[in-house]
1. Long-range amide H contacts for Val313: which residues qualify at under 5 Å (H placed 1.01 Å from N, peptide plane, sequence gap of 5 or more or a different chain)?
2. Determine, from the Cβ-Cβ distance of Thr231 and Arg44 and an R0 of 35 Å, the FRET efficiency 1/(1 + (r/R0)^6), rounded to the nearest 0.05.
3. Under 5 Å between amide hydrogens, which residues at least 5 positions from Met26 or on another chain qualify, with H placed 1.01 Å from N in the peptide plane?
4. Longest span of the chain, sites excluded, free of GluC sites (Glu not before Pro) in DSSP loop with at most 16 other C-beta atoms within 10 Å?
5. Over region 219-362, what is the relative contact order in percent, taking alpha-carbon pairs closer than 8 angstrom and at least six residues apart?
6. So what's the gap between the Cα centers of region 302-325 and region 243-271, to the nearest angstrom?
7. Ignoring everything except DSSP H segments at least 4 long, calculate the 222 nm mean residue ellipticity for the chain; use -39,500 (n - 2.57) per segment, divide by total residues, nearest 500.
8. Over the chain, what is the relative contact order in percent, taking alpha-carbon pairs closer than 8 angstrom and at least six residues apart?
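None of the figures in this text is laboratory data; all of them are computed from the coordinates on show. These figures come from a predicted structure and were not determined experimentally. Virtual Cβ from ideal backbone geometry, glycine too; neighbours counted across all protein chains shown.
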Amino acid sequence: MAQAHPFLDHQRFLLGTFASNCSGGMTVSKLPERWQATWENNLRLAELLDDAGIDFMLPIARWVGYGGETDFHGNVLETITWAAALLARTQRISVFATVHTTANHPLAVAKQIATLSQVSQGRIGLNIVAGWNKPEYEALGLTLPEDHETRYGYAQEWFDFVRRLWAEDQPFDFNGQYFKTRKSYGLPHPVLPPPIFNAAGSGLGREFALRNANFLFTPAIDLDRSKGEITDLKAQSQTMGRPVDVLTFSHVVCRPTEAEARAELKRQLDNADWGAVDNLVNLQFAHAQSFPHDLLALIRERMATGHGGFPLVGTPEQVADGIAALHAAGFRGTTLSFLDYVQEFPYFRDQVLPKLAERGLR
């Protein structure tokens, strides 16, 4: 597995989609035209993205929804089988499987990812989740450790086991704190080392990402702040002797005029499922009461229209400007979400992608 993955080699600003396997996608909406995460819709989207040269599709692994009127993310296609089916029906795009370490045995995951690598000639990637969502742990009959040290200690041993299975040809004993096995091995190996994603906000989480991932996901709330964070993360990755790039996620509302785009954003906000939004905010921001009120209001609105993603709202030129600003801040790429991915992506493809190419970003 010495050869580098093509996903890691090219220099264009990376674009992908996020959460199309989940009901509602990234928009916590009551609108009837909100995203329906059917297989047919996901396949159609994958075909559109593949033909347009989009780089990747990233799912969310979710086991229970967020309640509210719509039970946002209550209907979810499981990520490994979703990735397998999409890879079999596409030619160029990379597809990631998002995997919770506590819900999936490392030997099983190592075998699944290696199989998908064989199926797709290396187009599979792995997004590692150490875990944070307590109701999901309860639904799985598991206990969420209160401290990050335990969560990331477990995740580190989990991934150490996976990497060893991908590297060694002969059976070996694995003697860790959480896994003790005899004569484990994982053949076949991936045809290329799968690119690794990890989303992290805490210090321990970011240390885990810097040790193990190729790409760290983090939200872009304020681009000046993001620029400093990315500079620090890059410096830390250099001291650790392994380059790590930083990705973010964005929500697109692109229309021919700015007025139309702003009106559509307002329509999405006016029809948000606020019960589900508040459940999501409370779970992801356990200490949100310590935030200034105006910042909390901003986060809440962004949660409703993009799951906290960076807003790319306006004309095609303005959306291209927003993506260029993400690039200037140091991000290596962004995911894109839409109220309805299949209906809205073609306009983005036809109107925004050429502008990014003109700017040398694609």
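1. Val253
2. Numbers: r = 40 Å, r/R0 = 1.13.
Step by step, r from the Cβ atoms, then E = 0.30.
3. Result for Met26 returns Phe338.
4. Working: sites that count: Glu33, Glu69, Glu78, Glu146, Glu168.
Result, exposed sites excluded: 169-362.
5. Value for region 219-362: 36 percent.
6. If you average the Cα positions of each part, the centres end up 4 Å apart.
7. One gets -14000 deg cm²/dmol as the mean residue ellipticity at 222 nm.
8. On the way: 685 pairs, mean separation 79.3, N = 362.
Relative contact order here is 22 percent.
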